[in-house]
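Student: Structure incoming, see below.
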């Protein structure tokens, strides 16, 4: 009886301690992320600007409005194009680089790892300036291509819709491949070497080992990087603003950039409408993340 | 003899690997080279994409020192950035490691569910939070203060997740043993858990410091005072006039990039280990 | 059940302690950086004001000149200038303050873009202070300029830079194609295109350039014709023959290689102008410092009025900003006195104004104050422009700029027209469809 009572209080103490440990972080997230999101949800049913804001009539006008908003639809298409093209290329490259670096016979591993990770430690201003000037009409890239005879005359990379999109995709790949590679490399180092030895004895070749052993064992990491990349791409803002300002003619504008412009970039913000747009982006990201988790999570 | 031969054969087979890695490393590093050369050139040369070293280093540096208003020049901005970033990193590491530890080592289904909900916060678009957070900070009187700068960024689902994953390596037996010895729960965290998670703290610290150092959108909203200006704000002020001095700007960018790079170089071994724990 | 209750109690206890702990930490941190809120020093009877401005090579020297000038009236006067990276920083700060109802983060005085002021004044009326009683002779400050800073007949702003448009030519490149400056005066845009083709052939340079993502030609070229892009508060595009012609001319210029439409602002200034890709620049006079960056072209540039559709000289304005007192200013008397004396033209009463002279000398800022333009500084010839007295000329242009209907959605329409012009140049759209789409998209954006 005595011991049982003591055991209960001990368990109670432990329980209390567990909750106590995660309370500060949880409270902060609720106050700093969820509360603003709830406010945005309420605002999304209002229209008017500044002091003239009022409940919308009809209530869902901001949500029906976006169906006719050609610029937003264009921005949505652009964002999904980046998602479909850039995320797989980047992640495959990252796995490939990690696989190459995970070779125990390779020399200068630390050097290569550092170099490849470096881009994501750069400040955004410098990286966008550098890319902009490299792809400028008179810039380095044009000079090289013209001298090699691939181009006849200087090409306006950032001023042509398809190539401007391409530059953004290249910039994203440049900046984030190394970051993702670090996660894969770490994942690979968690795989016991004996697993590979066994596969070798069974006569599996490089590709087979990769598909049958590496990929399944890396699955949690792959799912995690996928979610991070999807989230990052759907909320893509910096590259669109700094590299192309969304141009030419909105051809590279992303959803977040468009929302920002509607709130802060062009005169008095229409916060009712932008809140509705924010909410749609939030739902989209959440849906994709859930799908990803369901596809990736075979453990339970 | 055969061993040596074998080794050189392995190296020879790795030649394509080396070529690809050198290629990618070159692409990764080239913009840094460009940034350094640009800091030595004058504005017209930078705009024209000259990639060799120039003779304007001293002038660019002098102009950079003169740039900005009193109390908001290069050294002031650097100092501010250090103060905010270090404060944010330390508080973030403490709060998130505590939470990661709590979620993993005391886990039950309620906490797991809560964790799932917290992950949703990753998907909240930043634009949506700007005005509500500004209102909140102004009501708490935190505008232009370190508190206002760090509060929205010190608890992130990603950091909690990282610590939670790494906490899986922490054997529960040790906790039990410590409890039997009569150690209170919070002491277990400080005395047993914290010392063995050094590399996790290093990895999370690098990422947190990088995010904090490069943050722009929120600091711009909350730090209106000149004297509270950060390094990215200082650079942005130079980068967006009717006319821009690119030589000076790139010199500033160099100053802005060096701290994050140094931190990464110094901590890179621990960084790699910490990430390894996180993806286990 | 008991467990749940217990945890609930614990959570709330933790929450209270967290809040207490959080605010405690914040105050000490606040103290340690020593950063004070933006604008608390300006108490009544003090001598200090804070001011927001955004370009260290342009309008900030003008603000410094004004602060220096006012020291003659109040030797203890001190102006703290806070640099912003661009004009939108100020707009965002007003938006945040207006949305939250907390204006304490604003500076006492702020520079603000002319085209945006009206809508920020209507939607955030609590942010601004009327300056009707500042004792300024408004007649001498340029009617067109003041029309931006006056809402319902109430004055809010003091004009800083004029924004009067100039058409600048590199005479060396013109000469290479066999033209002189006389050949490009009083011409139509069609004649301009013919000259442009020859110049391109002879020198490889474009005769004209513009930022294609924020194309100001629509506004400037319309204004030069005395026509607005707006009619009764609605976009006036497809029915507006002048605008249709201007759109067509620009498309033709771009397709013929006469006009370089830059990708963005940086491309326009750094590649097109500083990169010496062009033989002509048409924009607000604040573009002059950018032109002057290319030292090797000194003495080659000159300015004239722009071409028009009919061939009469074209006068327009573009850009420009004014100074406004915010509601956070605790010492409005000092702020009004300071602004009235400096940019309000008070110190120009004796014929020269230190404010306007030094603003021009140090920043290249050309004011709209007629009295200040009589000074030696304004009348002097400029070596870079072949000794031409460009500042006096620009002030003369200013008198001819027609007042036209303005609209809060100026930049929205500009963006739509810019985007659709690029689509037309790229061959993705025909002109009629482009104009119709631009008009319709603007109407859509104006719905609230």
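The values are calculated or read from the model by the stated rules, or taken from the named source; none is laboratory data. Predicted model only: the values in this text are computed from it and were never measured. Backbone-built Cβ (ideal geometry, glycine too); neighbour counts: all protein chains shown.
Student: What is the number of the single condition among (1) outside any helix (DSSP H, G or I); (2) in contact with a helix residue (DSSP H, G or I) (Cβ under 8 Å, 6 or more places away or on another chain) that residue B:55 does not meet?
Tutor: Looking at each condition in turn, residue B:55 falls short on (2).
Student: Of the conditions (1) assigned to a helix (DSSP H, G or I); (2) surrounded by 21 or more Cβ atoms within 10 Å (Cβ to Cβ), residue A:162 satisfies every one except a single condition; which number is it?
Tutor: Result: residue A:162 passes all but (2).
Student: Is it true that some residue in the stretch B:88-97 is within 7 Å of chain A (Cβ to nearest Cβ) and crowded, with 21+ Cβ neighbours inside 10 Å?
Tutor: yes
Student: Which one is nearest to residue B:220 (Cα to Cα), of the residues in the stretch B:233-248 that are assigned to a helix (DSSP H, G or I) and free of Cβ contacts under 8 Å to residues at least 60 places away in the same chain?
Tutor: Step by step, filter the stretch B:233-248, then rank; the result is B:236.
Student: If the requirement is being crowded, with 16+ Cβ neighbours inside 10 Å and assigned to a loop (DSSP other than H, G, I, E, B), which of these qualifies: C:148, C:179, C:173?
Tutor: C:179
Student: While we're here: For the stretch A:165-177, does any single residue satisfy the condition of being crowded, with 17+ Cβ neighbours inside 10 Å, over 21 Å from residue B:32 (Cβ atoms), more than 14 Å from the chain's Cα centre (by Cα) and away from chain B (no Cβ under 12 Å)?
Tutor: Yes.
Student: A follow-up question, please. Look through C:308, C:332, C:326 and report the one residue that is over 29 Å from residue C:410 (Cα atoms), in contact with a strand residue (DSSP E or B) (Cβ under 7 Å, 6 or more places away or on another chain) and modelled with pLDDT of 90 or more.
Tutor: C:332
Student: Find the residue count for the stretch A:73-92, including only residues that are surrounded by 17 or more Cβ atoms within 10 Å (Cβ to Cβ) and within 30 Å of residue A:189 (Cβ to Cβ).
Tutor: Of the residues in that region, 5 qualify.
Student: Regarding residue C:183, is this residue under 21 Å from residue C:313 (Cα atoms), touching a helix residue (DSSP H, G or I) at 6+ places or on another chain (Cβ under 8 Å) and not assigned by TED's automatic domain parsing to the domain that holds residue C:341?
Tutor: yes
Student: Oh, and also: So, residue A:9, is that one over 32 Å from the mean Cα position of the chain (by Cα) and more than 22 Å from residue A:241 (Cβ to Cβ) or not?
Tutor: yes
Student: Right, here's the next one. Looking at (1) under 28 Å from the mean Cα position of the chain (by Cα); (2) within 10 Å of another protein chain (Cβ to nearest Cβ); (3) exposed (fewer than 13 other Cβ atoms within 10 Å of the Cβ), find the lone condition where residue B:75 falls short.
Tutor: (2)
Residue by residue, here is whether (1) within 11 Å of chain C (Cβ to nearest Cβ); (2) buried (at least 19 other Cβ atoms within 10 Å of the Cβ) holds:
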residue: A:209; (1), (2): no, no
residue: A:219; (1), (2): no, no
residue: A:223; (1), (2): no, no
residue: A:234; (1), (2): no, yes
residue: A:237; (1), (2): no, yes
residue: A:251; (1), (2): yes, yes
residue: A:266; (1), (2): yes, yes
residue: A:269; (1), (2): yes, yes
residue: A:274; (1), (2): no, yes
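Student: Among the residues of the stretch C:199-218, is there at least one that is closer than 24 Å to residue C:412 by Cβ, assigned to a helix (DSSP H, G or I), assigned by TED's automatic domain parsing to the domain that holds residue C:307 and in contact with a helix residue (DSSP H, G or I) (Cβ under 7 Å, 6 or more places away or on another chain)?
Tutor: For the stretch C:199-218, residues closer than 24 Å to residue C:412 by Cβ, assigned to a helix (DSSP H, G or I), assigned by TED's automatic domain parsing to the domain that holds residue C:307 and in contact with a helix residue (DSSP H, G or I) (Cβ under 7 Å, 6 or more places away or on another chain): present.
Student: Based on this model, can you work out whether residue B:218 counts as more than 10 Å from chain A (Cβ to nearest Cβ), at pLDDT 85 or above and either in a helix (DSSP H, G or I) or surrounded by fewer than 21 Cβ atoms within 10 Å (Cβ to Cβ) (or both)?
Tutor: Yes.
Student: Out of B:35, B:123, which single residue is buried (at least 22 other Cβ atoms within 10 Å of the Cβ) and facing another protein chain (nearest Cβ under 8 Å)?
Tutor: Only one candidate qualifies: B:123.
Student: Return the residues of the stretch A:141-156 that are over 18 Å from residue C:421 (Cα atoms), within 13 Å of chain C (Cβ to nearest Cβ) and surrounded by 18 or more Cβ atoms within 10 Å (Cβ to Cβ); say none if nothing qualifies.
Tutor: Selection gives A:142 alone.
Student: Does residue B:169 meet the test of being in a loop (DSSP other than H, G, I, E, B), farther than 30 Å from residue C:275 by Cα and out of contact with any strand residue (DSSP E or B) (no Cβ under 6 Å at 6 or more places or on another chain)?
Tutor: Criteria met by residue B:169.
Here is a yes/no grid of residues against (1) outside the structural domain of residue C:60 (by TED's automatic domain parsing); (2) at pLDDT 90 or above:
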residue	(1), (2)
C:354	no, no
C:359	no, yes
C:367	no, no
C:388	yes, yes
C:409	yes, no
C:438	yes, yes
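Student: Moving on. Filter the stretch C:98-112 down to residues that are within 12 Å of chain A (Cβ to nearest Cβ) and either modelled with pLDDT under 90 or over 23 Å from the mean Cα position of the chain (by Cα) (or both), then give me how many there are.
Tutor: 4
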